[in-house]
Amino acid sequence: MQYGHTPHSVQLFNYHVVFAPRYRRQLLVGERKERLTEVLREVGRDNGWEILALEVMPDHGHLFVSADAKTKPEIVVKRFEGPRAEGGVPGTPEDADPLDQVVFPVHGRERVV
């Protein structure tokens, strides 16, 4: 966790994102948990963000991430939800159970990931 510096300010932006399967079903176990953890870490690494904490429980998860000051909070969430929202996580069977979707609450409505 590092402070961002500009000529006139010092910033530190950390975001706490909570995600859950639809209806809080206990789906995030075993291979799903490992794959979700791997994908979230990969997204953070690809965007240059530091994942400070990541905890995945069977029915929900918490992601604590540090991003730069130039990135809007909604962009951070959108990037993490992107791999599932854009047609599935690579390596996930196409005939997977439709309930096996992670949901991020964004701006008062649900977004499927």
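Just checking, which of 18, 10, 39, 56 is touching a Pro at 6+ places or on another chain (Cβ under 7 Å) and of a type outside the set (S, T, N, Q)?
Values: 18 fails: touching a Pro at 6+ places or on another chain (Cβ under 7 Å); 10 fails: touching a Pro at 6+ places or on another chain (Cβ under 7 Å); 56 fails: touching a Pro at 6+ places or on another chain (Cβ under 7 Å).
When all the criteria are applied, what remains is 39.
Any chance the range 61-69 includes a residue that's of a type outside the set (Lys, Arg), more than 13 Å from the chain's Cα centre (by Cα) and at pLDDT below 70?
In the first step, residues of the range 61-69 are kept if they are of a type outside the set (Lys, Arg); the result is 61-69.
This time we only want the ones that are more than 13 Å from the chain's Cα centre (by Cα), so: 68-69.
From the residues that got through so far, the ones that are at pLDDT below 70 too are none.
Scanning the range 61-69, I find no residue that is of a type outside the set (Lys, Arg), more than 13 Å from the chain's Cα centre (by Cα) and at pLDDT below 70, so the answer is no.
Report the residue count in the range 24-53 for those that are closer than 27 Å to residue 70 by Cβ and basic (Lys, Arg).
Of the residues in the range 24-53, 2 are closer than 27 Å to residue 70 by Cβ and basic (Lys, Arg).
Conditions first: (1) outside any helix (DSSP H, G or I); (2) surrounded by 11 or more Cβ atoms within 10 Å (Cβ to Cβ). Residue 43 passes all but one, so which condition is the exception?
Of the numbered conditions (1) outside any helix (DSSP H, G or I); (2) surrounded by 11 or more Cβ atoms within 10 Å (Cβ to Cβ), the odd one out for residue 43 is (1).
The values are calculated or read from the model by the stated rules, or taken from the named source; none is laboratory data. Quantities reported herein were computed from a predicted structural model and do not represent experimental measurements. Note that each Cβ is placed from the backbone with ideal geometry, even for glycine, and that neighbours are counted across all protein chains shown.
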